[in-house]
Amino acid sequence: METLLLWLFYISSLYAFIPGLITRLFGFRVFRRGLSDSRFALTFDDGPDPVYTPQLLDLLKRYDAKATFFVVGSNAEKNVDLIKRMHEEGHLIGIHNYIHKTNWLMRPATVKRHIQKTSGIIQAVTGVKSIYYRPPWGIVNLFDFAKRGDTQIVLWSAMFSDWRVRIGADKLTQRMMKKLRGGEVFLLHDCGSTLGANRGAPGEMLIALERVLMEADRKGLKSVRIDDLIHITETAKLEKKGGPAPVDGDKAARSGAKPASRSKKIVVSLWLLWEKVFHQLFHLQSTNEENPLLHFRIRPYHGEPVEMNGGVKLKSGDRIMELHFDNKRLYEFGSRSKSPVQLAIKMVRGMEKELPKLADHIANHPDLHDVKALYGVSMINKGPEQFGFTVTDLPKGWFASSSRLYLKFLLRVIHPEGGARLKQSAEHLVPKLIVMPIDHLVSHYMQDDSKRKMNGNPEVVPEEEPVLNASVSCP
C-alpha cells in the first residue's frame, strides 16, 4: 500500500501538480505576458463556433484588430470556412487539443496525437503549420515541457470568466478595462459549448469587447497576434540586456557566483516545499538532521537483478537503503559555485563526509544489518564509481522518461551554467541507477579512530560533473 501511495504521489506531483503550479504562477517555460507600452494580445479559445466566431471576426475587422484563435480540432473540422477566413484576415491560429480535455487526464502520447491532428487540420486549410499551443484550462503536464522545441505554450495574463452568462456585458467590460494596457494577454472565448461554459456567453463577451476596442483606440493601444507580441517582447529584452550592467554590490556577485532571479527563487522555494512534503509522507531519515546532504529510507528492491562490485548481485526482494540528495544543499552548492569544477569539488567533499556516517549508521543499527545495498537515481556523467558505486541504465519506460525530465529541471536550477549546460551536454544527461553493496560501504567508509578507511586512495575530483541525485523514488 505504501508503494502504491508513493507512486500515486510521485506521478501526480511530477506529472501534473508541480508543472501546472510553476507555469500558472510564474510563467516557467511558457509565454503569458509581453513587454510593450502600446501592444496587447486578444486570444480566443474553444472555437470556431458557427454563430459567434463570424460575429467576432466582423468586429475585429471593423477595428483593424488582430487576434490569436486557439481552436479545438474537432470544431475546426466542422467549420473549415471559418479557419480559412481567420487566416485570410491576418489572424494567428493556434492549437487547443483535438477535443477539449485536460492534459492531466491524458497520456503523453494521447496529448501528442491531439496536437498533431489539430495542427494537420489547420495546415491543410491554411498551408501553415501551427506551433502555438494552449492546453485546455491552461493545465500542463511534465511532458508538455518536452515539446518545447516543437511548440510554444501560450497562457495568459488576464482572464475574466467570460464563459458565464451571468457575468454580463457590463461587469465583463469593467473587468477588461482594468487590464487594458500594453503587454497583457487577454483570455476570451468565442464558443460556449464546452464543459462548464454557457451557450450564450460569447454574445455578452462580444458586447464588452467592442467597448474595450473603442477604448483601446482612444488610448492608442493596438491588439496584435501572439507571435507579434512575442517578437516585440524578445526585442525589448535584448535591448534591455544591452544597457549598463548593475552595480556590483551583491555578495554573490563579489564571489563570482551569479545571483538568482526573483522568479527562480520563487520556483526553488516551491520545489523545496514539495520536497518537505515528500520527506514527511515517506518518512525519509538522515544521519545529520541539522544540515543533511543525504536522506534515505529502507525498503525492498523491486526490479531486475543488478550485479554490483565484488560480484554481489542485487535481486528483487532484497532490502536497500534508497538515497536522496537534499535539494536545498544542492541549490546552495550550485548558487555559491563560480564554475562546474567548484560545484563538483563541493559535491565530492560532501559525499566523502556523508558515506562514513551512513556506514556507521548501518553498523550501529542491528535491524539494518540485512540491508544489501545503497541505491539511488542520478543524472550521471563521471564520478560515482570512485566511491564504489556501480552505474547502470534505468529500464526504459515511464519512470526513466519522467526521471530524466525532472533531473534536467534540477540541473537547470542548481548548476552554475543553468540551461546553457543542458544545451551543451544534452546527450549525456541520462538518469542512471547507482548501487553499492553495503559490505563495501562498511569496509571502506566505517569510522576507525575518527579516520576513514579509503584504501589509501587520494581525493579524486570528477572531470566534468558531480553526481546529481534527487528526491526521485526508484522502481
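Taken together, the values in this text are just the output of simple stated rules run on the coordinates, not laboratory data. Keep in mind that what you see is a predicted model, and the values were worked out from it rather than measured. Ideal geometry is used to build each Cβ from the backbone, glycine not excepted, and the neighbour counts take in all protein chains shown.
Summary table below
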quantity: Two-site FRET efficiency, residue 107 against residue 74, from Cβ-Cβ distance with R₀ of 22 Å, rounded to 0.05; calculated: 0.70
quantity: Dimensionless Rg over Rh [segment 19-241; C-alpha; Kirkwood]; calculated: 0.94
quantity: Distance in nm between pseudo-label sites at residue 139 and residue 368 (7 Å out along the Cβ direction from Cα); calculated: 4.1
quantity: Percentage relative contact order, segment 43-140, counting C-alpha pairs under 8 Å, at least six apart; calculated: 28
quantity: Set of segment 61-94 residues, backbone N closer than 20 Å to the point 7 Å along the Cα-Cβ line of residue 180; calculated: 61-68
quantity: Förster radius 51 Å - calculated FRET efficiency between residue 352 and residue 195 (Cβ-Cβ, nearest 0.05); calculated: 0.35
quantity: Extension reserve of the residue 288-residue 37 stretch, reckoned as 0.36 nm per residue once the Cα distance is removed; calculated: 85.1 nm
quantity: Mean shadow area of segment 129-239, taken as a quarter of the surface of its Cα convex hull (nm²); calculated: 8.6
quantity: Label-point separation, residue 84 to residue 150 (7 Å along Cα→Cβ), nm; calculated: 2.8
quantity: Potential lengthening between residue 240 and residue 165 on full extension [0.36 nm per residue; Cα-Cα distance subtracted]; calculated: 22.7 nm
quantity: Phi-based couplings in Hz for segment 76-93 (Karplus 6.51, -1.76, 1.60; Gly and Pro marked x); calculated: 5, 4, 7, 9, 4, 5, 6, 4, 4, 5, 3, 5, 5, 8, x, 8, 9, 10
